[in-house]
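Taking it in order: structure first as structure tokens, then the write-up.
Please treat every number below as a calculation from the coordinates, not as lab data. What you see is a predicted model, and the numbers here were worked out from it, not measured in a lab. Every residue, glycine as well, gets a Cβ built from its backbone with ideal geometry; the counts of neighbours run over all protein chains shown.
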Amino acid sequence: MRQDTECGLMDNVLTLIANPQLGGLDDHSLEIATNALTEAGASPGAPVWLATGIAADIPFSTTSESQAQILTQAQTLVAEALAPAPLDVAAQAIAGRRKRLLVADMESTIIENEMLDELAHEIGASAEIAAITARAMNGELDFEESLRGRVALFAGLEAAALDRGLAKIRITPGAEPLVRTMRANGAYCALVSGGFTFYTNIIRERIGFDIDQANIIEIENDIITGAVASPVLGRDAKREALMRFCDELNITVAETMTVGDGANDLAMLTAAGAGVAFHAKPFVAKQARFNINHGDLTALLYMQGYRQDEFAN
């Protein structure tokens, strides 16, 4: 199989991605995907490895006048043909696949934690707060109402608890290569969270984002008041941030990629050129154009056609 990323005269590309820790993408999987593309009415070309055993492109062309429809159909048919293999599938146009703006959610995306859940043991309310968080992220509760309700439970807790939460943060595998590789190639990277600036400021510096935006938890005399400063940044704020960055950078929304897992990410996921639901809640996964359920965050680089040896460390 060819090792370069030259896709010839093909207009579209299907990318297959495995979990980098497990591998498992092989020639048989690529053959199944190629056959499924043919059945979908496409004309596939020769596969191209992006990372041996982990990610590969299959360029393809189609005579269909409905580009969006054929891409969605091809992605669905290939995913069904490969099931239950733990492989992620993304079909898109080759032109413009490398994005100039990344807007990323933080909790359960760039980091593996939900920080209010991590702090909940400080007040003996772990189960209660985790249940509210899960319902909010699956679209069952209003985000702003649920956030204010959860934070109110922390009223009177010493602010030092926030510092103790830092020790629990687990960076999601692939987060740093994603951000640093995109920035090294000229992209602007923004961390936009419904969480708190106390944590986004630190994660921005640690991972290498250009900017961060989040809510402010109010503290007086080193004590958490139980209030969130207005306005609360939720679902609409993330989409608004995406559009604002597009204006500031003078780029089109088609040149953007967003990533998140919860209901408050859905507006920015559906608005972006490539909105990626990352190990997302069912409510979100059903509505997102792209889903990464098995790979880590380097999957977003493979989706853009980056080879593993192009990743910035």
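Some notes on this structure:
- Whole-Å semi-axes of the ellipsoid equivalent to the chain (Cα gyration tensor, √5λ, descending): 37, 18, 18
- Comparing Glu248, Glu39, Glu176 in a Gaussian network model of the chain where C-alpha atoms under 10 Å apart are linked, the largest mean-square fluctuation is found at Glu248.
- Loop-located trypsin sites (Lys or Arg not before Pro) in the stretch 120-223 whose Cβ has at most 16 other Cβ within 10 Å (DSSP): Lys168, Arg170
- Distances between placed amide hydrogens fall under 5 Å for Thr258 paired with Val103, Ala274, Gly275, Val276, all partners being 5 or more residues away or on another chain.
- Over the stretch 133-220, the hull volume per residue, using the convex hull of the C-alpha atoms, is 118 Å³.
- Once the C-beta distance of Gln308 and Ala127 is scaled by a Förster radius of 45 Å, the resulting FRET efficiency is 0.65 to the nearest 0.05.
- The ranking of His121, His28 by Cβ neighbour count inside 10 Å, starting from the fewest, reads His28, His121.
- Taken about its Cα centre, the stretch 1-95 carries a charge dipole of roughly 80 debye when the Cβ of each Lys and Arg holds +1 and the Cβ of each Asp and Glu holds -1.
- Put a dot 7 Å past the Cα of Asp236, heading toward its Cβ, do the same for Ile219, and the two dots end up 3.0 nm apart.
- For Leu50, nonlocal amide neighbours, meaning residues 5 or more places apart or on other chains whose placed amide H falls under 5 Å from its own, are Ala55, Ala56, Asp57.
- Among Asn185, Asn264, Asn138, the largest mean-square fluctuation in a Gaussian network model of the chain (Cα springs under 10 Å) belongs to Asn185.
- Binning the alpha carbon pair distances of the stretch 198-244 at 10 angstrom intervals from zero yields the distribution 23, 43, 31, 4, expressed in whole percent.
- Residue ranges 303-311, 54-62 sort as 54-62, 303-311 when ordered by packing (mean number of other C-beta atoms within 10 Å per residue, highest first).
- Relative intensity of the stretch 1-95 on a log10 scale, I(q)/I(0) at q = 0.12 Å⁻¹, equals -0.31, per a Debye sum over C-alpha point scatterers of equal strength in the absence of solvent.
- Cross-link reach list, lysines versus Lys281, counting only Cα pairs under 21 Å and skipping chain neighbours closer than eight places: Lys238
- DSSP beta bridges fully contained in the chain are about 50 percent antiparallel.
- Highest-MSF residue in the chain out of Leu71, Leu157, Leu37 [GNM, Cα springs under 10 Å]: Leu157
- Where only C-alpha atoms are counted, convex hull volume of the stretch 13-169 per residue in Å³: 170 Å³
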